[in-house]
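Undergrad: One structure is given below, represented as structure tokens, and several questions about it will come after.
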Amino acid sequence: MSELHHLTALEQLQQLRRGEVTPRELVEHYLARIERLDAELGAFVEVTAAAALSRADTVGELPKAVALWGLPSADKDLVARAGVPTRYGSRAFADFVPEESDELVEVLDAAGAISLGKTNTPEFGMPSYTEPVSGRPARTPYDLALGAGGSSGGAAVAVAAGLLPVAPGSDGGGSVRIPAAATGLVGLKPSRGRIPAGSGFTNLGGLAVAGPLARTVADAALLFDAMIGDGRLHHATSAPSWDGGAYLNAAVRGDGRFQLGVTTSSPWETAYEIVVSPEAHDALRVAREHLDAIGHGLEEFALEPEDGYAAAFTTLWQGGAAGIPIEGAQLELVEPLTRWLVETGRRVGGRELAAALGWLTKYERRVIRQLSRFDAVLTPTLAMTPRPIGWYDPEDAMRNFAQQVQYTPFTSFVNVSGLPAITLPVHVTDSGLPMGVQLIGRPGREDVLLAIGAQLERRLNWQDRHPPAWDQ
């Protein structure tokens, strides 16, 4: 018997607008699933059931035409919602309750979404896995011994297990695309500046942007349109102009034939040993075969070696951590990786940081030049299958950082270059684990990525694959 979460987010929204289900009924359905299943999954760190039900009863005051009218969602625990504990995945903020909401919360509220709480994230969103000391790990629902990736790990688990129809995440080095790949989802990292409320311009180096996690390409586009909001520009520099609802239209149509590059090279490979697993190669092969059958042009190429990338990116990552507002005794509460990043970042001099930023700005231009002959570029999303819980070294911060690079060597350079990219869950391993590929687009061309994703989805039907928790 079909249940509400078996419907796509778009189908749920259509039922809401037709009055076939009420916002309260839908919220109650998901709250019941969270209560029943999340203890072993680790998707949520805070469930705001009373507030969600109250919101469900009053969302009718908004026009039904707003983008997400009555659709449940949740806030990543790096995003502040007034009156709701926001811990940033850290013991250092265990008692913090913000008085004001972040802009992205306000945008999604205005779009009619109903937040059910806060989704799990690693400490301050710095690692690419979600195993905070302050709480539970986020586990991929396909194998509870394995991690869901990060930093939007909780959001990904919630969507993959049917605890939410869609969820917003954020991506500063792969933090939407990595957990999407580990949980069998579609995850979109937009162009820098595309989403005004999560633009990338407000953080060091412009790395982190907001983006959607969903089970289908159309659902990702639905949430993406809503996250953009009314499209008003908040910055002097922005992604190209946007027409409301355009991305959902692109995802539904799925039109076009494109010239695609294919590569397994990474800018990290001059500093670390990068080994692409057989499972990652299999995912790439599946994507290539279907893209070729659709009629896209495919050309293998390699990124130009970049000896300075590892040092410049690491300096920038440390410099970003330097601004985390923790001092004195609070530093004793954070995890070894965070402490290493904060303390080394605060020792970075202005000249060194400026040099790293300057190098990465020139690198951005070099990458865009190299990719410019393609409409999109295909890579693995991850170099390995989802990693076991506890795989990352909890004490040796430098080894931990190296492990993250070796697991996720294909994602961070896309943030540096400000380009859009999407993870697509094209493959399942012999042991039943999802494996994704990444498509990187030209500046501002999320529509091309969504169109190609829709074409692959029609052939592979990944929306019909679900983990054991789906039917529980």
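The values are calculated or read from the model by the stated rules, or taken from the named source; none is laboratory data. Nothing here was measured: the structure is a model prediction, and the numbers come from that model. Ideal geometry is used to build each Cβ from the backbone, glycine not excepted, and the neighbour counts take in all protein chains shown.
Undergrad: How many residues are at pLDDT 95 or above and part of a loop (DSSP other than H, G, I, E, B) when one looks only at region 214-260?
TA: Residues in region 214-260 being at pLDDT 95 or above and part of a loop (DSSP other than H, G, I, E, B): 7 in total.
Undergrad: Kindly list, by first and then second residue, each pair from a residue in region 333-362 that is surrounded by 13 or more Cβ atoms within 10 Å (Cβ to Cβ) and among the polar types (S, T, N, Q) to a residue that is at pLDDT 95 or above and in a helix (DSSP H, G or I), limited to pairs with Cβ atoms under 6 Å and residues at least 6 apart or on different chains.
TA: That search, which allows pairs on different chains as well, returns Thr338/Glu123; Thr344/Gln318.
Undergrad: In the list Thr423, Thr385, which residue meets the criterion of being among the hydroxyl-bearing types (Ser, Thr, Tyr), modelled with pLDDT of 95 or more and in a loop (DSSP other than H, G, I, E, B)?
TA: So the residue among Thr423, Thr385 that is among the hydroxyl-bearing types (Ser, Thr, Tyr), modelled with pLDDT of 95 or more and in a loop (DSSP other than H, G, I, E, B) is Thr385.
Undergrad: Quick one: would you say Gly19 is buried (at least 21 other Cβ atoms within 10 Å of the Cβ), on the phi > 0 side of the Ramachandran plot, of a type outside the set (Lys, Arg) and at pLDDT 95 or above?
TA: no
Undergrad: Further question on the same structure: All but one of (1) surrounded by fewer than 14 Cβ atoms within 10 Å (Cβ to Cβ); (2) under 24 Å from the mean Cα position of the chain (by Cα) hold for Gly328; state the number of the condition that does not hold.
TA: Of the numbered conditions (1) surrounded by fewer than 14 Cβ atoms within 10 Å (Cβ to Cβ); (2) under 24 Å from the mean Cα position of the chain (by Cα), the odd one out for Gly328 is (2).
Undergrad: Among the residues of region 181-203, write down those that are among the β-branched types (Val, Ile, Thr) and either surrounded by fewer than 24 Cβ atoms within 10 Å (Cβ to Cβ) or not in a loop (DSSP other than H, G, I, E, B) (or both).
TA: Hits for region 181-203 are Thr183, Val186, Thr202.
Undergrad: Are any residues in region 27-47 buried (at least 16 other Cβ atoms within 10 Å of the Cβ), in a helix (DSSP H, G or I) and of a type in the set (A, V, I, L, M, F, W, C), and if so, which ones?
TA: Passing the criteria: Val27, Leu31, Ile34, Leu37, Leu41.
Undergrad: Something else now. Restricting to region 106-137, what's the tally of residues that are buried (at least 24 other Cβ atoms within 10 Å of the Cβ), farther than 16 Å from Gly154 by Cβ and not aliphatic (A, V, I, L, M)?
TA: Number satisfying all stated conditions: 1.
Undergrad: Right, here's the next one. Read through the list (1) part of a strand (DSSP E or B); (2) of a type in the set (A, V, I, L, M, F, W, C); (3) surrounded by fewer than 18 Cβ atoms within 10 Å (Cβ to Cβ), then give the number of the only condition that Met398 fails.
TA: For Met398, the exception is condition (1).
Undergrad: Kindly evaluate Ala82 against the criterion of being surrounded by fewer than 21 Cβ atoms within 10 Å (Cβ to Cβ), free of Cβ contacts under 8 Å to residues at least 24 places away in the same chain, within 25 Å of Gly211 (Cα to Cα) and of a type in the set (A, V, I, L, M, F, W, C).
TA: So Ala82 passes the test.
Undergrad: Restricting the search to region 266-299, which residues are part of a helix (DSSP H, G or I), touching a residue at least 24 places away in the same chain (Cβ under 8 Å) and more than 24 Å from the chain's Cα centre (by Cα)?
TA: If the condition is that a residue be part of a helix (DSSP H, G or I), touching a residue at least 24 places away in the same chain (Cβ under 8 Å) and more than 24 Å from the chain's Cα centre (by Cα), then Thr270, His290, Ala293, Ile294 are the ones that fit.
Every residue, every condition in (1) surrounded by fewer than 21 Cβ atoms within 10 Å (Cβ to Cβ); (2) over 30 Å from Tyr88 (Cα atoms); (3) of a type in the set (D, E, K, R); (4) at pLDDT below 95, yes or no:
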{"site": "Pro212", "(1), (2), (3), (4)": "no, no, no, no"}
{"site": "Val262", "(1), (2), (3), (4)": "yes, yes, no, no"}
{"site": "Val276", "(1), (2), (3), (4)": "yes, yes, no, no"}
{"site": "Ala287", "(1), (2), (3), (4)": "no, yes, no, no"}
{"site": "His290", "(1), (2), (3), (4)": "yes, yes, no, no"}
{"site": "Glu299", "(1), (2), (3), (4)": "yes, yes, yes, no"}
{"site": "Asp307", "(1), (2), (3), (4)": "yes, yes, yes, no"}
{"site": "Gln318", "(1), (2), (3), (4)": "no, no, no, no"}
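Undergrad: With the requirement that a residue be surrounded by 13 or more Cβ atoms within 10 Å (Cβ to Cβ) and not in a helix (DSSP H, G or I), what does region 1-16 give you?
TA: Leu7, Thr8
Undergrad: Has region 371-383 got any residue that is touching a residue at least 12 places away in the same chain (Cβ under 8 Å), surrounded by fewer than 18 Cβ atoms within 10 Å (Cβ to Cβ) and either more than 17 Å from Pro267 (Cβ to Cβ) or small (Gly, Ala, Ser) (or both)?
TA: There is at least one residue in region 371-383 that is touching a residue at least 12 places away in the same chain (Cβ under 8 Å), surrounded by fewer than 18 Cβ atoms within 10 Å (Cβ to Cβ) and either more than 17 Å from Pro267 (Cβ to Cβ) or small (Gly, Ala, Ser) (or both).
Undergrad: Additional query: Please give the number of the condition Ala329 fails out of (1) in a helix (DSSP H, G or I); (2) among the aliphatic types (A, V, I, L, M); (3) modelled with pLDDT of 95 or more.
TA: Result: Ala329 fails condition (3) only.
Undergrad: Next question. Among Ala80, Ala74, Ala67, Ala56, which is the only one that is of a type outside the set (Ser, Thr, Tyr), modelled with pLDDT of 95 or more and part of a helix (DSSP H, G or I)?
TA: It is Ala56.
Undergrad: Does any residue of region 436-443 turn out to be under 22 Å from Ala43 (Cβ atoms) and either in a helix (DSSP H, G or I) or in contact with a strand residue (DSSP E or B) (Cβ under 9 Å, 6 or more places away or on another chain) (or both)?
TA: Checked region 436-443: at least one residue is under 22 Å from Ala43 (Cβ atoms) and either in a helix (DSSP H, G or I) or in contact with a strand residue (DSSP E or B) (Cβ under 9 Å, 6 or more places away or on another chain) (or both).
Undergrad: Could I ask something else about it? Please give the number of the condition Glu103 fails out of (1) crowded, with 23+ Cβ neighbours inside 10 Å; (2) touching a helix residue (DSSP H, G or I) at 6+ places or on another chain (Cβ under 6 Å); (3) touching a residue at least 60 places away in the same chain (Cβ under 8 Å); (4) under 19 Å from Ala155 (Cα atoms).
TA: (1)
Undergrad: Oh, and also: Checking Ala50 against (1) surrounded by fewer than 22 Cβ atoms within 10 Å (Cβ to Cβ); (2) touching a residue at least 24 places away in the same chain (Cβ under 8 Å); (3) part of a helix (DSSP H, G or I), which test does it fail?
TA: (2)
Undergrad: Can you say whether Thr216 is farther than 30 Å from Leu353 by Cβ, over 11 Å from the mean Cα position of the chain (by Cα), crowded, with 24+ Cβ neighbours inside 10 Å and of a type in the set (Ser, Thr, Tyr), as far as the supplied structure shows?
TA: Taking the combined requirement at face value, the residue does not satisfy it.
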